[in-house]
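Everything below concerns the one structure shown next.
The values are calculated or read from the model by the stated rules, or taken from the named source; none is laboratory data. Source: prediction; values computed, not measured. No Cβ is skipped: glycine too gets one built from the backbone with ideal geometry, and neighbour counts run over all protein chains shown. Side chains included, ligands, DNA and RNA excluded: accessible areas come from the protein's heavy atoms. Shrake-Rupley method; radii C 1.70, N 1.55, O 1.52, S 1.80 Å.
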Amino acid sequence: MLLSEVGYARPASVDEAVRLLAENEGARPLAGGQTIVNVMKARAAAPDVLVDLADLSDLRRIAATADGGVELGALVTYTQILTSAEVKAARPVLVDVSGQIADVQVRNRGTVGGNVCSNDPTNHLPPVLVAAGATLTIVGRDGDRTVPAEDFFLGVYMTAVGPGELLTKITLPPLPGGGDGFSAITIGADGTCIVSAAATVDGERARVALGCVAATPVLLETGCDEASVREAVRGAGLDPPSDVHGSAEYRRHLAGIVAARAVASAGEDG
Amino acid sequence: MKVEGTRSYAAARERVWAVLNDPAEMAGLMPGVESFELVDDTHWKAKVKVPLGLGALRMSIDFEKAESRPPEHARLQAKGRGVGAIMSMATQFHLSEEGNGTAMRWEADVRILGQVASMGQRVIQPIVNQQVENVLAALDARVMAKGTETGAPPEAGASAAEQGIHPGSPEAYSDEPEGPTPSA
Amino acid sequence: MSTTATTVAPEKVEAPQRGFAGQSVPRKEDRRLVQGQGVFVDDVRRHEVGYVHFVRSPYAHAGIVSIDVSAAEALEGVYGTLIGEEVAALTDPFFQLSVPPGSEIKDYALAVGKVRHLGDPVVAVAARTRELARDAAELVEVEYEPLDPVLDPEHALDDGAPVLHEDAGSNLVWSGTFDWGDFDAALAEADRVVRIDRLHFDRFSSTPLETSGALVEYDKGTGQWTLHTNNQFPGFAIIMMGPALRTGMDKLRFVSQDIGGGFGNKICTHPQLVALCLLARKLGRPVQWTEWRTDQHTANSHGNERVFLDVEVPVRADGTMLGFRCKAIDDCGAYSRYEPLGCIIWAQVTPGLYRWRNVHIDFSQVCTNKSPCGPNRGYSRMQHLWFTERLIDIVAHELDLDPVEIRKRNYIKAEEMPYETPNGCVYDSGDYERCLEIALDLVGYGSLEERRRDAESRGRLLGLGIGSTLDSGTNNFGQSQLLNPDLQFSGNNEVATVKLDIFGEVVVTLGTTPQGQSHETVASQVVADILGVTPDDVRVRAGHDTYWNSHAGFSGTYASQFAVTGLGAVKGATEALADQIRRLAAVILGADGPEEIELAEGFARRRDNPEAALPFMACGAIVNANNAGLPPELDDVTLNCRYVYKPPFQVPDKERKFGNLTLTYATQIHACVIEVDPETGVYEIVDYAAVDDCGTRIHPQIVEGQVHGATAHGLGAAMFETFPYDEDGTLLTSNFYDYHVPHALDMPPLKTGAIESPSPFTSLGTKGMGEGGGAGIHAVCAAIQDALRGAGNAIVTDSHNPYHRVWELLRDPEASRALVRVETR
Amino acid sequence: MEPVTSMRVGVTVNGALHEREVEARRLLVHFVRDDLGLTGTHVGCDTGNCGACTVILDGVAVKSCMLLAVQADGSSLETVESLASDDGLHALQQAFSDHHALQCGYCTPGMLMSAKHLLDHNPEPTENEIRRAIQGNICRCTGYVNIVEAIAAAAKGEVSA
């Protein structure tokens, strides 16, 4: 509790937000605040300036794309996803996964942009976006650029969004034939992930992204039968972290299981 | 937590040593150095603001050069204090000639104590790896830059970022096979 | 998921109580609490208050080289600081309960000279706002000299181990041997001896949602401190604080209204309270401190960790258990405080629920560089009862006996009550076998094998576990003399006052410090029945104030005793008041004597002529405000009655460590059905029943609520809650992210049942209750062991079994099996 | 607008507009408790896990320890103090009392606000929906059994007069 002194600004446009982020050293965007405010309470790592995105209503939009995918503004909350027909139609796994994140209050405030930009290894969305082949749009003073999810996550709390830049949009391509799946072992019911896996199946092949086993999601391309998936995970040379909820060995063991379960569940909701 | 690795430079051993043996140069390799002060030949202090994505971790760090055998071996100790965090690091490196270039074997034993360690157990290891990777990337750049330099080393306090290395840049995050590998 | 709360109708052993006792009347506390109108400690406000923040140690063990507060004090808005050297000059070390070497420990309000655990308070800073106090705390410069920590209690006494308290010269706090019956004879008599190398009861705490805190005011003119604090045992705090502050006990006034849960964790806050007292005096202003969650986890009070080594259990071929022998090591963390008492308190339930008579335990308690421990719901008995339940289930497992049958064979029988245990405790009443049968019925024991097969068909392993536990209540503090023969504590007491005031209000004050146990409501039921009014007519003052004159040496809310001591005091005071009202009314109404007066419907009236009646308002008014001309025989009628309830205890025999240590024993038998995913070790509780017998229940709904809550604590400790440390002495679960407490989706369907075996030793037939949740830990351990029977036959040897530990048991069952051997004679 | 470390905020709390100068770093829960004196909203953890500080912000249940007060500028806030009216307790409050859904009462205000948010959006919740709705609210006293019963009873209007 009890934060260090911090500057606060609430810009009215994306351009102004980008300007504030660029001009103020140590500035960070404030979306739902469900991660960053908590981190600030510990005072260990703190931004100097918060740029509150609350008034950027364009970033709250969910829109179906012409090709059958879906675009999520960076400020879309988990609760919005839970009731979104567009998301349900395009990538239903996002609805299921959003419903497993934290609790009602956090889902009401927490945003997809915040989830991916904080990139805590236990977060649910990074593996889902990597498996699904999502792309992320980042705006800077010199315009915008698009980064594939598999290149977006750089380290714990580190992403391709650099100083003076802002993530504005996440685009999911249309669902391939086989569908998406997700599986996790969590601390208690719908708790923090101990290990997670997201899978997107296209015909005979699956893209599997593992969470909680490294600083960033680990992407594997594999066949869809259980033996292939397990073999792919074994071959990935995982070196997961140990903590009170599981040793590296336990996580390595679970990774193969949740990967197989994620692939097996792909398309169940589709 | 121990991290270690090896690294190769297309530069003469003396040039690599010159960077590693100079406190001001070393300070320049660390991310987010705000101020730097030489106490004596073997002791120096730095105030750093380590960028951690969500915000910066401020620390005051005391360095001591514990051992130095030019141009091949040195051992450093660092003790840092921040809000709710105590960091201690013992690091050493060994330089050997490798063709026309230089090979560096290095290791660092990093311990984080205090509330931060308590809260951050599951992310400390990857964060330390990231920070070490940043320093190594900055070192790469610095060694290469030094080859083209004629004048004095850069001002104390030039961080990796100030040298144009962004944490998100390929230099910092390329899949270095020689990158840090946690052990023990 | 579907959940039902099934209550089996209580089987009354005796006729139900008359009147309001026995009814679940509406709770008096609720109206304010559901409206956010409770007054918890952080809600207390004063002008010009200084908010306090503690600078805490980042090291588990380190010398303090220097402290510099100048930058902190220079910050605008900072009122001042307090450091250990000032504390050492201004106070004496806290009194130590143990004998040497533990008695030599020097424990102060702030660290003096060295720190001994992560979070040990080193400096206190007071400032105008909470944020500023924390800003200033960051400016305090403390230089430390790190020392090696000692973290493993099993190695705390090794040669060369770092020593926490140099004054004690050792990490040993206390050691002693408990020997009852004839263990060697039992060994000789046995057909089998089961030996277990090591069992471990894990560190956790029940972490009340409201953390500790206080607002402390100092009155310079009178030298008196007022502490608005949620400390749950002011009697103990005052005994600790008075001598330390070199002041009289009456100079420490403790006040609380609503307390947001305690579970024992709010007993040992006296060090922080002393620091606040010193600061309030030094700064000449009130100071306020609210502990943050992280501080609560790192530095408040953990439940104690215990290891049982070299366990031997002699058994007859028919499954009759003859006794047990072991070496127990209790880890009390960095400071011993209340903890030496835990070396004795387990002995209240020495044989658990069983008839074995031969017990030998070598018990020691040691300090480690971890958070200090303190009482935690089920204190010290829970560890021991877990141990006895593990012995039953491990013996059953190894000798291929049925866990239900071995219990029925060895349980103390209802007809043996009252039952004297091998160490002289007297179990007052109970019917364990009946409770077990009800619990088994509730979880559908009859169809267990069918469900096992069904689970198997889904790739799951099903297991049933039973947890039997006793909740011993109303301590005989004479047991402290088994710890230290020089201690001058024995017996127990609690106070209540009941008065009838001018306008006819019946006003009750209690000596207790409730934290959710509904004392206002339950007290009003007892008073209403005696005075012939309704609970609505009875005003029970909310909270606690040591200046109310309803405070005695052992006042407080701890150790399952309100239903006995608190209500005993209420009953005594109310009966005295009723007697005075009758005497007064007899005179006023011209009756032959008090026995001719009955109290009903708010009147004192003549039995022979109910028309001749005096309303309570008239009684109150006459005595308090209109008393001229009253006859001299009514001189002692004040209508303001104070009663001190004292249970009938003797000082135990110190040589034999023999005697009655508690007055009542409530029973809890739980049954638990789990399903394990053998691939991952993940398990789910699919059925759960808790059966309670706490004697006569004054308010069944409140009793059931305690059963639910205690069960949740047990299940949390079994599955999720733990305080592990890394090799540097850093706590790894310092907040609710990593210290996962069960939420609504984690709790399984709970079924409850109850019987009532009134206590023959208490005035209302009641027993203390509320701490029986340990049964949840026992039941889950047993269920895991049962589920794994067909998958490697692992033995559960730890009280805490998160998924990864179950996976370890599945992956390498031999590691646990290697700890157990059976010797056939 | 350039960054400021302190600003004047206006928040409509339980129907009345409150304006205060607050530091940007001040959490909404401290604004509510310390600046406005509405102490019904509680703090039970440092990490946004316990939900004791749950309030309803612009119709949505949120944890007031995970927001800055400045973020609530221009918003409308409901706290536990808003539930009861001149007609008496809110049905949820009465149901909590009827079913002994509170012991120490510390989690109760946050629990009630989560329950209110649920019933505002889903008047006929299943038991599982009730449990999911209060998953972000820790109670250390009750094991949730009676809380779930109370919310179900309030939804059905089965509360004592």
- [ ] Please work out which residue is nearest to the other protein chains (Cβ to nearest Cβ), limiting yourself to segment C:687-710 and to residues that are open to solvent by less than 10 Å² (accessible area, probe 1.4 Å) and closer than 22 Å to C:S301 by Cβ.
- [x] C:G709
TODO: Kindly provide the set of residues from segment A:39-86 that are among the β-branched types (V, I, T) and either open to solvent by less than 10 Å² (accessible area, probe 1.4 Å) or under 30 Å from B:S118 (Cα atoms) (or both), ordered by number.
DONE: A:V39, A:V49, A:V51, A:V70, A:V76, A:T77, A:I81
- [ ] Kindly provide the set of residues from segment C:400-416 that are surrounded by fewer than 18 Cβ atoms within 10 Å (Cβ to Cβ) and part of a loop (DSSP other than H, G, I, E, B), ordered by number.
- [x] C:D400, C:D402, C:K413
Task: Selection within segment C:720-731 - facing another protein chain (nearest Cβ under 8 Å) and either open to solvent by 10 Å² or more (accessible area, probe 1.4 Å) or closer than 14 Å to C:H670 by Cβ (or both) - done: C:F720, C:T722, C:P724, C:D726, C:D728
TODO: Would you point out the residue of segment C:234-274, among those that are open to solvent by 10 Å² or more (accessible area, probe 1.4 Å) and aromatic (F, W, Y), that is nearest to the chain's Cα centre (by Cα)?
DONE: C:F263
- [ ] Return the total of residues in segment A:2-20 being open to solvent by 10 Å² or more (accessible area, probe 1.4 Å) and not in a loop (DSSP other than H, G, I, E, B).
- [x] 4
Open item on the list: Checking C:V163 against (1) among the β-branched types (V, I, T); (2) open to solvent by 40 Å² or more (accessible area, probe 1.4 Å); (3) in contact with a Pro (Cβ under 6 Å, 6 or more places away or on another chain), only one condition comes out false. Which one?
Closed with: (3)
Task: Number of the condition not met by D:M113 [criteria: (1) in contact with a strand residue (DSSP E or B) (Cβ under 8 Å, 6 or more places away or on another chain); (2) farther than 14 Å from D:A52 by Cα; (3) buried (at least 21 other Cβ atoms within 10 Å of the Cβ)] - done: (2)
TODO: Please go through segment C:107-122 and pick out each residue that is open to solvent by 10 Å² or more (accessible area, probe 1.4 Å), in a loop (DSSP other than H, G, I, E, B) and under 13 Å from C:V87 (Cα atoms).
DONE: C:Y108, C:V112, C:G113
Task: Where B:P51 falls short, out of the listed (1) in contact with a strand residue (DSSP E or B) (Cβ under 8 Å, 6 or more places away or on another chain); (2) closer than 26 Å to A:M40 by Cα - done: (1)
- [ ] Exactly one condition in (1) open to solvent by 10 Å² or more (accessible area, probe 1.4 Å); (2) modelled with pLDDT of 95 or more; (3) more than 7 Å from every other protein chain (Cβ to nearest Cβ) is not met by D:L28; state its number.
- [x] (1)
TODO: Counting only residues that are surrounded by 20 or more Cβ atoms within 10 Å (Cβ to Cβ) and within 13 Å of another protein chain (Cβ to nearest Cβ), give me the strands (runs of 3 or more DSSP E) lying completely in segment B:1-86 with at least 2 of them.
DONE: B:43-51, B:56-69, B:73-82
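Rundown of residues vs (1) free of Cβ contacts under 8 Å to residues at least 40 places away in the same chain; (2) surrounded by fewer than 21 Cβ atoms within 10 Å (Cβ to Cβ); (3) closer than 19 Å to C:P101 by Cβ; (4) in contact with a Phe, Trp or Tyr (Cβ under 9 Å, 6 or more places away or on another chain), yes/no style:
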site	(1), (2), (3), (4)
C:S170	no, yes, yes, no
C:S175	no, yes, yes, yes
C:L199	no, no, no, yes
C:V216	no, no, no, yes
C:Q224	yes, yes, no, yes
TODO: Report whether or not C:D310 is surrounded by fewer than 24 Cβ atoms within 10 Å (Cβ to Cβ) and closer than 14 Å to C:S371 by Cα.
DONE: no
Open item on the list: Pairs please, first residue from segment A:81-109 and within 14 Å of chain D (Cβ to nearest Cβ), second anywhere and of a type in the set (S, T, N, Q), Cβ atoms under 6 Å, 6+ apart in sequence or on different chains.
Closed with: A:L82/A:S98; A:D103/D:Q135; A:Q105/D:T54; A:V106/A:Q34; A:R107/A:T79; A:N108/A:T79; A:R109/A:Q34
Open item on the list: Pull out all pairs, ordered by first then second residue, where Cβ-Cβ is under 9 Å, the residues are six or more apart or on different chains, the first lies in segment C:282-307 and is within 14 Å of chain D (Cβ to nearest Cβ), and the second is of a type in the set (K, R) and not in a helix (DSSP H, G or I).
Closed with: C:Q288/C:R45; C:Q288/C:R46; C:D295/C:R56; C:T298/C:R56; C:A299/C:R56; C:N300/C:K266; C:G303/C:R203; C:G303/C:R377
- [ ] Pick out, from segment C:429-536, the helices (runs of 4 or more DSSP H) lying fully within it that include 3 or more residues that are hydrophobic (A, V, I, L, M, F, W, C) and under 30 Å from C:A779 (Cα atoms).
- [x] C:432-442
Task: Unique match (being more than 11 Å from the chain's Cα centre (by Cα), closer than 23 Å to A:D180 by Cβ and more than 14 Å from chain D (Cβ to nearest Cβ)) among A:G162, A:G133 - done: A:G133
TODO: Would you check if A:S242 is touching a Ser or Thr at 6+ places or on another chain (Cβ under 7 Å) and surrounded by fewer than 24 Cβ atoms within 10 Å (Cβ to Cβ)?
DONE: no
Task: A:L20, sole failed condition from (1) of a type in the set (A, V, I, L, M, F, W, C); (2) within 22 Å of B:V83 (Cα to Cα); (3) at the interface with chain D (Cβ under 10 Å from one of its Cβ atoms); (4) free of Cβ contacts under 8 Å to residues at least 60 places away in the same chain - done: (2)
Task: Single unsatisfied condition, D:Q135 versus (1) free of Cβ contacts under 8 Å to residues at least 24 places away in the same chain; (2) more than 8 Å from every other protein chain (Cβ to nearest Cβ) - done: (2)
Task: Failed criterion for D:N49 (all others in (1) surrounded by 22 or more Cβ atoms within 10 Å (Cβ to Cβ); (2) at the interface with another protein chain (Cβ under 8 Å from one of its Cβ atoms); (3) over 13 Å from the mean Cα position of the chain (by Cα); (4) under 17 Å from C:D30 (Cβ atoms) hold) - done: (4)
- [ ] Residues being facing another protein chain (nearest Cβ under 8 Å) and not polar (S, T, N, Q): count how many of those fall in segment D:52-72.
- [x] 10
Task: Among (1) within 14 Å of chain A (Cβ to nearest Cβ); (2) crowded, with 24+ Cβ neighbours inside 10 Å; (3) within 24 Å of D:T39 (Cα to Cα) - the single one D:L118 does not satisfy - done: (2)
Open item on the list: I need the full set of residues from segment A:167-182 which are within 15 Å of the chain's Cα centre (by Cα) and either more than 30 Å from C:W807 (Cα to Cα) or of a type in the set (S, T, Y) (or both), in order please.
Closed with: A:L167, A:T168, A:K169, A:I170, A:T171, A:L172
- [ ] Go through D:Y144, D:Y106 for me and flag whichever is within 29 Å of C:G543 (Cα to Cα), in contact (Cβ under 8 Å) with a residue 60 or more places away in the chain, facing another protein chain (nearest Cβ under 7 Å) and buried (at least 24 other Cβ atoms within 10 Å of the Cβ).
- [x] D:Y106
